[in-house]
Amino acid sequence: MKSMNPVCARTFFALVASVIAFAGAANAQTAYQGKFTLSSTTRWGQNELPAGDYTFSVKPTTTNSPLIVITDARGKSVGITQAMTADDTPQVNGQDCLMLDHDAKGDFVSQLRLASTTTVLGFAPHGKRGAKETGRTEAMRINVTRLPQQTRAGN
């Protein structure tokens with residue numbers, strides 16, 4: 001029986017580790033859930049959301065960039081985006097909100113502010129790092145529920 005060459009072995013183990021990390025993120029516990037209503041088409045990362053009612057779930061990952069799962073009023077998943085930045089800041093001022101910015105292509109979500117934890121999640125317009133934000137900014141108050149941390153059996 002032939003043994004695996006070292007380069008192939010490293011590549012294989014890196015691939016397996018990536019699959020395990022992705023599976024862990026996809027099955028991660030939800031830390032927050034929220035509801036919001038859009039009055040016009042708005043982009044959140046690579047997702048274009050028409051006017052309507054939505055819910056979102058913040059799912060922690062192994063990095064400092066949680067996943068946001070967006071669901072429409074019928075409960076259908078309509079998008080997933082990942083925060084580009086996650087900062088703790090005391091300047092959140094007690095209100096959970098989405099920060100909507102405007103550029104030449106229309107409205108987009110630039111931040112999700114979670115006041116109960118002073119966490120600010122940042123999103124790039126069109127889901128692209130380094131894109132410039134221009135125009136007006138407005139805060140849209142949203143309802144957010146922090147879900148209790150679940151513990152594994154035996155812990």
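Sorted on the mean count of surrounding Cβ atoms within 10 Å across their residues, most packed first, peptides 70-80, 30-40 read 30-40, 70-80. Between THR41 and SER65, the FRET efficiency estimated from the beta carbon spacing at R0 = 30 angstrom works out to 0.75. Only aspartates and glutamates eight or more places from LYS59 in sequence, or on another chain, were considered; those with a Cα closer than 16 Å are ASP87.
When every alpha-carbon pair in the stretch 31-146 is counted, what percent end up more than 22 Å apart?
Percentage above 22 Å: 25.
Given R₀ = 35 Å, what would the calculated FRET efficiency be for THR118 paired with ASP53, taking r from the Cβ atoms and rounding to 0.05? My answer for the efficiency is 0.85. Note on LYS105: aspartates and glutamates with a C-alpha under 20 Å away, same-chain residues under 8 apart excluded, are GLU48, GLU133, GLU138.
Projecting label points 7 angstrom from Cα along Cα→Cβ for THR137 and SER77 puts them 3.1 nm apart.
Here, each number is a calculation from the coordinates, and none is a lab measurement. From a predicted model like this one, the values you see are computed outputs, not experimental measurements. Don't worry about glycine lacking a Cβ; one is built from the backbone with ideal geometry, like all the others, and counts go over all protein chains shown.
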